[in-house]
Amino acid sequence: METQKDKAVAAEAIRGHLQKGAAAPASLRIRAFKLALRFVFKLFFRVRVQGLENVPRTPVIICANHLGWADVFLVLVFLPAEPRIYVLGEQQVKYISGFRTRVIDWLQIMVMLDRSKPLEALRIMRDVLQRGGSLLIFPEGKLGTEEGALQELQDGAAHLSVVSGVPLLPVGLTGTSELWLRRKLTLRASKPINPDKFEGNTRTRMRAMTERLDKEMRALVPGDNDRGPRVKLLGRWLTKLF
């Protein structure tokens, strides 16, 4: 049986791979990484970003659809550097490859979700928000399989917004399910959803916010009709790169 000490040690292990102190500032090495990766993305893909004016310079819970590995990097690289964006991800995702593990640990941004300990993840996410960071969540809870389609949203993002007071930022991503050289990738952001605008108890507000989030996100993922060229250069490599 797991003791309180065991839980504290597990939580500290997760926090150990997150930026300590104030969560909002981005160091020079992180800014340099962001600029370098932005250059790489623009070199390999045609990236279009819409709605940057809707992204506040204060902490938000970024809610995006999830089609492939490029989703995380599009959000990290093309949204403002500060406040820093941290990512909620399944615990096992970090260990798919040694390269992925090293990148995630170097960035110090991943909140690992252990499905058997959801309250611990919630505490760590609230801590990140309270320290001034933003958080990226994929509210579908699993990887999507079709461009332009949105699976049923889970209530976790809305619950975190209600208990923390931090707004949700709907984001839609298209083009990331299958990649090839010069593939068009689009990131769209709409206006934040403020939890203070919803009345009732926690459950009522949470459900209403999830419904609103679903509506906003569906409007941001109209689908990508770009079937690409007959020969999709570097397609297999780019799609499975990370």
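Here are the numbers for the structure shown:
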{"quantity": "Any hit, region 223-231, residues being basic (Lys, Arg) and at pLDDT 95 or above", "calculated": "no"}
{"quantity": "Within region 203-230, considering residues that are of a type in the set (A, V, I, L, M, F, W, C) and within 21 Å of Ala70 (Cα to Cα), the one most open to solvent (accessible area, probe 1.4 Å)", "calculated": "Ala219"}
{"quantity": "Set Leu18, Leu76: member being within 16 Å of the chain's Cα centre (by Cα), hydrophobic (A, V, I, L, M, F, W, C), open to solvent by less than 60 Å² (accessible area, probe 1.4 Å) and at pLDDT below 95", "calculated": "Leu18"}
{"quantity": "Matching residues in region 132-144 - criterion: being under 21 Å from Asp71 (Cα atoms) and assigned to a loop (DSSP other than H, G, I, E, B)", "calculated": "Gly133, Phe138, Pro139, Glu140, Gly141, Lys142, Leu143, Gly144"}
{"quantity": "Candidates Arg29, Arg46, Arg57, Arg102, filtered to the one that is under 22 Å from Asp127 (Cβ atoms) and surrounded by fewer than 15 Cβ atoms within 10 Å (Cβ to Cβ)", "calculated": "Arg57"}
{"quantity": "Candidates Gly98, Gly148, Gly141 - the one that is at pLDDT below 95, among the small types (Gly, Ala, Ser), over 21 Å from Phe198 (Cβ atoms) and under 16 Å from the mean Cα position of the chain (by Cα)", "calculated": "Gly141"}
{"quantity": "Residue within region 212-222 that is more than 16 Å from the chain's Cα centre (by Cα) and not in a helix (DSSP H, G or I) present", "calculated": "yes"}
{"quantity": "Residue among Leu173, Leu129, Leu185 that is modelled with pLDDT of 95 or more and either under 13 Å from Ile61 (Cβ atoms) or part of a loop (DSSP other than H, G, I, E, B) (or both)", "calculated": "Leu129"}
{"quantity": "Selection status of Gly200, among the small types (Gly, Ala, Ser), in contact with a Pro (Cβ under 6 Å, 6 or more places away or on another chain) and either surrounded by fewer than 15 Cβ atoms within 10 Å (Cβ to Cβ) or not in a helix (DSSP H, G or I) (or both)", "calculated": "no"}
{"quantity": "Every pair of residues 6+ apart whose Cβ atoms lie under 7 Å, when the first sits in region 152-175 and is open to solvent by 40 Å² or more (accessible area, probe 1.4 Å) while the second is modelled with pLDDT of 95 or more and among the hydroxyl-bearing types (Ser, Thr, Tyr)", "calculated": "Asp155/Thr210"}
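The values are calculated or read from the model by the stated rules, or taken from the named source; none is laboratory data. Predicted, not measured: the structure shown is a model, and the values here were computed from it. Ideal geometry is used to build each Cβ from the backbone, glycine not excepted, and the neighbour counts take in all protein chains shown. We work out accessible area using only protein heavy atoms, side chains counted, and drop any ligands, DNA or RNA first. Shrake-Rupley method; radii C 1.70, N 1.55, O 1.52, S 1.80 Å.
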